[in-house]
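Quick notes on the structure that follows.
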Amino acid sequence: MSEPLTVTTPTDTDIVLTREFDAPRRLVFDALTKPELVTRWYGARGWNVTECYVDLRIGGTWRFVSHGPDGARMVQSGAYRMIEPPELLVYTEVFDDQSYEGQTLITHELSERADRTTLTTTARYASRQARDTVLRYPMRRGVGESFDRLTDLLELLKNGDRDMNWTLEVILVPVADLDRAKDFYAGKLGFNVDHDTTVSDEVRVIQLTPPGSGCSIVLGKGIGNTMSPGSLQGVQLVVADLHKARAQLLDNGVDVSDIQIVAENPSPQPDPLDNVGFLYFSDPDGNSWAVQQISTRG
């Protein structure tokens with residue numbers, strides 16, 4: 001059973017969240033500040049941090065990019081004001097697509113007793129109106145689910161992380177023309193362009209992420225990829241509605257197959273295409289993709 005999350009509003013601009021964790025505060029502080037840990041718990045169920053940058057020093061910046069259901073994307077960032085491991089962390093926060101004014105000042109205070117940590121987080125908003133806007137969101141549920149994920153991670157860390165997660169992050173896609181491929185994946189498939197970085201005349205890296213995916217693809221030159229253009233076969237995407245996906249691909253000019261049912265569905269309800277329905281298409285270089293319908297997951 002998870003520990004309760006307490007939410008209070010002691011002032012016109014503050015929201016205070018308190019949660020106890022069965023772990024020493026050094027582990028909780030690490031989970032708040034180390035990118036390799038943040039990506040494993042931060043966000044409500046269905047949301048995942050796909051990019052995490054942390055420059056943990058006074059004046060250093062941080063930036064999280066998260067993807068969620070139905071292709072939703074969220075970007076938040078800020079700068080560190082106070083860092084006193086493992087008991088205090090203070091930083092600013094602002095969202096790229098924010099519905100309220102000003103920066104928020106986030107203060108994490110960690111107290112420990114008998115190897116249990118109480119995390120008290122104060123979010124101080126620029127105005128009462130900004131704070132009230134946040135309170136109208138399902139904040140308690142989102143933070144509670146995120147802290148439940150943190151609880152699971154802390155249990156693994158306490159036990160030496162023997163049940164470590166292995167997260168697939170990037171697939172290299174071999175192409176001959178980077179700009180043509182970028183136009184296909186971003187313009188026709190709707191992948192988000194995370195970055196397009198030119199290091200030199202010989203080195204360029206383009207990272208793109210399918211909406212709602214925790215895994216990205218990379219197009220590049222000079223990065224040691226020895227695969228021939230078009231040699232990547234059978235990479236698979238999953239969608240909730242195969243008919244809608246096919247219509248979107250056709251509208252965007254993608255040469256896509258008809259819907260194919262590859263096996264008998266043992267559970268045809270609520271949708272007979274679930275798990276057994278597929279589409280197929282290729283990029284301009286011949287790298288092939290499959291699209292499977294899975295509208296629910298057990």
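The values are calculated or read from the model by the stated rules, or taken from the named source; none is laboratory data. Computed from a predicted structure; not experimentally measured. Every residue, glycine among them, receives a Cβ derived from its backbone with ideal geometry; neighbour counts consider all protein chains shown. Ligands, DNA and RNA are stripped out before the accessible areas are found, and what is left, the full protein with its side chains, is counted by its heavy atoms. Shrake-Rupley method; radii C 1.70, N 1.55, O 1.52, S 1.80 Å.
Here are the numbers:
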read-out	value
Cα-based reach from K182 at 16 Å (exclusive), listing lysines while leaving out same-chain residues under 8 positions away	K221
Förster radius 25 Å - calculated FRET efficiency between E155 and T120 (Cβ-Cβ, nearest 0.05)	0.75
Charge dipole (the chain, unit charges on Cβ, about Cα centre) - positive-most of I83, G142, N225	I83
Trypsin sites (Lys or Arg not before Pro) restricted to DSSP loop in region 141-215 with at most 15 other C-beta within 10 Å	R162
Hz values of 3J(HN,Hα) by residue in region 147-154 - Karplus curve (6.51, -1.76, 1.60), Gly and Pro given as x	5, 5, 5, 5, 4, 4, 5, 4
For the chain, size of Cβ-based charge dipole, Lys and Arg +1, Asp and Glu -1, in debye	580
Rounded percent of accessible protein surface that carbon and sulfur make up, region 128-231, 1.4 Å probe	50
Equivalent ellipsoid, region 215-298 (semi-axes from 5 times Cα gyration tensor eigenvalues, Å)	28, 14, 11
Computed Kirkwood radius, in angstrom, where 1/r is averaged over Cα pairs of region 159-214	13.3
The chain - mean residue ellipticity at 222 nm from DSSP helices (-39,500 (n - 2.57) per run, n ≥ 4, rounded to 500)	-5500 deg cm²/dmol
Column: log10 I(q)/I(0), Debye, Cα scatterers of the chain, q = 0.07, 0.11, 0.13 Å⁻¹	-0.35, -0.82, -1.05
Qualifying lysines (Cα of each under 19 Å from Cα of K244; at least 8 residues distant if same chain)	K188
Rounded FRET efficiency, nearest 0.05, which uses the C-beta distance separating V170 from F95 and R0 of 30 Å	0.75
Signed unit charges on C-beta, dipole axis of region 140-298, positive-most listed residue Q236, S288, V175	Q236
Intensity falloff of region 1-103 expressed as log10 I(q)/I(0), Debye formula with alpha-carbon point scatterers, at q = 0.12, 0.15, 0.21 Å⁻¹	-0.47, -0.77, -1.46
Contact order normalised by residue count of the chain, Cα under 8 Å, 6+ apart, percent	14
The chain, accessible area per residue, ligands and nucleic acids excluded (1.4 Å, Å²)	53
